[in-house]
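Everything on this sheet refers to the single structure shown next.
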Number of protein chains: 2
Amino acid sequence: MKEVVLGLLGLGNIGGGVWDLIREFGGEVSKRTGVKLVVKKALVLDKKIHRGKEVPDEVLTTEKNDILEDPEIDIVCEFLGGEQPAASMMLRALENGKSVVTANKMALSLHFDELREMAKKTGAGLYYEASVGGAIPIINAIQTPLIANHIEQMMGIVNGTTNYILTRMAAEGAEYEIVLKDAQRLGLAEPNPTADVEGYDAAYKLSILGSLAFHSRVLVENVYREGITKVNSEDIAFGREMGYVLKLLAIGKDNGDSIEARVHPAFLPADHPLARVDGSLNAVYLYGHSFKDMMLEGRGAGDAPTASAIVGDIVQAAQNAVHPMPVMRKDPLPVADDWYSKYFIRMKAKDAPGVLAEVAGLLAKEEISVSAMTQKDAGPDGKATLIIITHMAPEKAVQRVVKALNPEICKVENVIRVEG
Amino acid sequence: MKEVVLGLLGLGNIGGGVWDLIREFGGEVSKRTGVKLVVKKALVLDKKIHRGKEVPDEVLTTEKNDILEDPEIDIVCEFLGGEQPAASMMLRALENGKSVVTANKMALSLHFDELREMAKKTGAGLYYEASVGGAIPIINAIQTPLIANHIEQMMGIVNGTTNYILTRMAAEGAEYEIVLKDAQRLGLAEPNPTADVEGYDAAYKLSILGSLAFHSRVLVENVYREGITKVNSEDIAFGREMGYVLKLLAIGKDNGDSIEARVHPAFLPADHPLARVDGSLNAVYLYGHSFKDMMLEGRGAGDAPTASAIVGDIVQAAQNAVHPMPVMRKDPLPVADDWYSKYFIRMKAKDAPGVLAEVAGLLAKEEISVSAMTQKDAGPDGKATLIIITHMAPEKAVQRVVKALNPEICKVENVIRVEG
């Protein structure tokens, strides 16, 4: 039996979940894998908070070097979250030859190159299955069983909070602000929800997944990012009438000479596999030249699912003689700032002759053709709702049309990309 | 660069697909993994058939020992299909210390213990991702990233041919025999379709998946097996009216003291993730105590998706110092011959007083309660269609009710389990 000594950086929800899983199921994991997991130290801010709970007192420490500098510790598991001090601690652990297991998409995305280079230098392993998609083994899949593929595109629902909000908005016809408040009350959204609802969390995750899938570094600052705060129940309802479901998607495409990396709300046809991934579920749809289409779906958050991924990583870090190390192009492909999509454009138009002709004329000038159009009778404000869905068109051309429309005559209320 | 020398047993559809993938994408795989894949020999029945195609003449051989006994060959890939001589050849390769990669569910299921024991003895690897679910990395997931889980149940659509037939029957209201013939014409069903339509293929796959997930050997002869030949369009239509979709499911459950392993047609609620897995797609839904619910979906067959899984396995066989080796209980859990399910019972009943009372009485006697009931007016034969959906009930009790009904008065046309 191979004994592997662990140090945990953090013992909050995730760290506590890992502690519990190892305590309750570690014996079975040993039987299955021949690896005995021993937690030697856990870094906490205040020992008093944890005293008297299941974690023995001698395991608790407030001194990071009790973990980072202890030669007996083989694997460091990082659960601090945030960029710093998490990134520096992981770097130090790797420098000391310790493998690192983390769920921290932010620190990983921002310091991916440094961390990988240090791991390569010292031969330590760097594992981060839990950083994207929680328990879903998407990172393992891309790096190992699906390695013999040119992955052409991926579309993911990788943020449970926004998916929960959009699912409830659709089911109840409720507005964003109301559902958000309720999600906060239920603990499904943070008191400060910005990281989730503005798409930052999804952008970090896409930066990691895209880098791995396309073997070309996708920096988070190059990911186009648009959150769900502008979405309203009217868009969701009109979309549904036309056969679409609204999701916050993380989209990555390898176009050969450039990469698309964008996070934004998007309509999907109701029969798309991702369209029925509801509530706090996560899912990633992939297309590879050899495996063709594939979708992996599961719990993207929660203590137990996250712990499942982390303990899976720990076992691999302990067993693998050669740690998986993604190879990146030396000259990364540029991340495109323009791309093709279909567009749902909702407008409030003055109920007067010539308005439709103006819109149609602007679209024609940009060579954008229309796939579907709906007009709703004018309300008491004398304005009709006009919805156009385009065929595939360049993002920038559509933005030019939107800009060119005179808001006095035809006001664009929302533009939502249509994917899938 | 580590050079790995391969011998291919068979060069038909799958073998040819692997040859193509290595030829076209092997260079990229080497860059990503540091493993250079070299095919030294490919066993064929008749060299003439392959002459002049892409495979060089010196690679072709009709002598198995050119592969099995060549000390230069590191990994043997088996694409012969069927039980023998595939199983003996794999055993010999493992005995000679060569890792084996196979897509052969039949040989694997029937000789799982021998093959694993030989691999353990010589330290060779045994890889079989392509044997279940084609390109879907389900075996890798269970064995590696999801290892820290008590997997409580799995439900899989693991046979593309039957899923294609059922999907078309549902979409077109067509009968089984007609769709089967069309599937045969299109090459989507074999000229002799028994292995698929009678559920043998799914049973082999469930035997493998169940053994891995439950860490207890599930022999194929203990898998309950019922094919799709008795399904008709009327059942599918009535089921749909009641909110169900019909699928051929491979179901495994770990009940603690026994295992359920059964392959049969089953109704799923239309909103179940598996319900919309249509056509030749495969998918496996899993529930683990830690990861909770998860579904992996993708191409279960086809040359390219199968090759994706096989080359993924080859790379792992080449890279891993310690090959994954599932640990099985010494005393396997018994496979249950009774289980709980809900049941859809379709009957043709004489349009006379007392018939419903008789059915209800027999159900009550077995303590089976009814969840839904529909009666359709009698047709020209004077018989009414009566459909009952039960609450959860033991299989054997339901079978006793079916047996006890007097077919003169109430003839049971079909019994379909309702799962999910």
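The values are calculated or read from the model by the stated rules, or taken from the named source; none is laboratory data. These numbers come from a predicted model, not from an experiment. Backbone-built Cβ (ideal geometry, glycine too); neighbour counts: all protein chains shown. Please note that ligands, DNA and RNA were not included when accessible areas were found on the heavy atoms of the full protein model with its side chains. Shrake-Rupley method; radii C 1.70, N 1.55, O 1.52, S 1.80 Å.
Odds and ends about this structure:
- Spherically averaged projected area in nm², based on the convex hull that wraps the Cα atoms of the stretch A:94-244: 10.8 nm²
- GNM flexibility winner over chain A from A:Gly133, A:Gly256, A:Gly17 (Cα, springs under 10 Å): A:Gly256
- In order along the stretch A:323-340, the Karplus-derived 3J(HN,Hα) couplings, from 6.51 cos²θ - 1.76 cosθ + 1.60 at θ = phi - 60°, round to 7, x, 9, x, 8, 10, 4, 5, 9, x, 5, x, 8, 5, 9, 9, 7, 9 Hz, and Gly and Pro are given as x.
- Stokes-Einstein diffusion coefficient of the protein assembly as shown, Kirkwood radius over Cα pairs, 37 °C, 0.692 mPa s, in µm²/s: 113 µm²/s
- Against chain A, whose longest principal axis comes from its Cα atoms, helix A:176-185 is set at around 20 degrees.
- 0 to 90° range, to nearest 10: angle between helix A:355-365 axis and chain A longest Cα axis: 60 degrees
- Solvent-accessible surface of the protein assembly as shown, averaged per residue with a 1.4 angstrom probe and all protein chains in place: 39 square angstrom.
- Overall form of the stretch B:253-353 per C-alpha gyration tensor (a/c, 1.5; a/b vs b/c): oblate
- Placing a label point 7 Å from the Cα of A:Arg51 along the Cα-to-Cβ direction, the distances to the matching points in the other copies come to 8.7 nm, shortest first.
- At least 50 Å² accessible surface lost relative to isolated chain, residues of the stretch A:101-139 (1.4 Å probe): A:Pro137
- Within the accessible area of the stretch B:63-121 (1.4 Å probe), percent carbon and sulfur: 46 percent
- C-alpha long axis of helix A:160-172 to longest principal axis of chain A, angle in °: 40 degrees
- Sum of -39500 (n - 2.57) over DSSP H runs of 4+, divided by residues of chain B (222 nm, nearest 500): -10500 deg cm²/dmol
- Globularity index of the stretch B:237-289, i.e. its alpha-carbon radius of gyration over 2.2 N^0.38 Å: 1.27
- Copy-to-copy label separations for A:Glu190, where each label sits 7 Å from Cα toward Cβ, in nm and ascending: 5.5
- Debye equation applied to the C-alpha atoms of chain A, log10 I(q)/I(0) at 0.09, 0.12, 0.13 Å⁻¹: -0.61, -0.97, -1.09
- Across the copies of the chain, A:Glu413 has label points (7 Å from Cα along Cα→Cβ) spaced 4.9 nm apart, shortest distance listed first.
- Interface area, B with A, accessible, probe 1.4 Å, both sides summed, Å² nearest 100: 3800 Å²
- The dipole here belongs to the stretch B:99-161: it is taken about the Cα centre, uses +1 on the Cβ of Lys and Arg and -1 on the Cβ of Asp and Glu, and is about 120 debye.
- Rounded, prolate or oblate (a/c below 1.5 giving rounded, otherwise prolate when a/b exceeds b/c) for the stretch B:17-145 by Cα gyration tensor: oblate
- Computed extension length for A:Lys120-A:Glu152: 8.8 nm, one decimal, from 0.36 nm per residue of separation with the Cα-Cα distance subtracted.
- Placing unit charges on the Cβ atoms of the charged side chains and taking the dipole of the stretch B:271-420 about its Cα centre, the candidate lying farthest along the positive direction among B:Val402, B:Val311, B:Asn414 is B:Val402.
- Simple point charges give the picture: +1 on the Cβ of Lys and Arg, -1 on the Cβ of Asp and Glu, and for chain A a dipole about the Cα centre of about 280 debye.
- Between the alpha-carbon centres of the stretch B:42-92 and the stretch A:11-27 there is a gap of 48 Å.
- For the protein assembly as shown, DSSP calls about 70 percent of its internal beta bridges antiparallel.
- Members of A:Lys330/B:Lys53; B:Lys64/B:Lys205; B:Lys348/B:Lys396; A:Lys292/B:Lys64; A:Lys330/B:Lys36; A:Lys376/A:Lys396 lying beyond 29 Å, as alpha-carbon distances in this model show: A:Lys330/B:Lys53; A:Lys292/B:Lys64
- Chain B residue nearest by beta-carbon to the axis mapping B to A, with distance in Å: B:Ala321, 2.
- Structure remark: mean-square fluctuation, Gaussian network model of chain B, C-alpha springs under 10 Å; the largest value among B:Ser280, B:Ser99, B:Ser30 belongs to B:Ser30.
- Given +1 at the Cβ of Lys and Arg, -1 at the Cβ of Asp and Glu and no other charges, the dipole of the stretch B:17-108 around its Cα centre is 220 debye to the nearest 20.
- Residues with amide H under 5 Å from that of A:Leu126, placed H, sequence gap 5 or more: A:Val100
- Put simply, the convex hull of the Cα atoms in the stretch A:1-55 casts, on average, a shadow of 3.8 nm².
- Karplus-derived 3J(HN,Hα), 6.51/-1.76/1.60, for each residue of the stretch A:310-317, Hz, glycine and proline x: 5, 5, x, 5, 4, 4, 5, 4
- If you sort B:Arg299, A:Arg92 by accessible surface, 1.4 Å probe, largest first, the order is A:Arg92, B:Arg299.
- Applying 0.36 nm per residue to the separation of A:Asn232 and A:Met392 and subtracting their alpha-carbon distance, the gain on full extension is 55.2 nm.
- Kirkwood estimate for the stretch B:314-420, i.e. one over the average of 1/r between Cα atoms, Å: 16.6 Å
- Chain B: antiparallel DSSP beta bridges as a percent of all, rounded to 5: 70 percent
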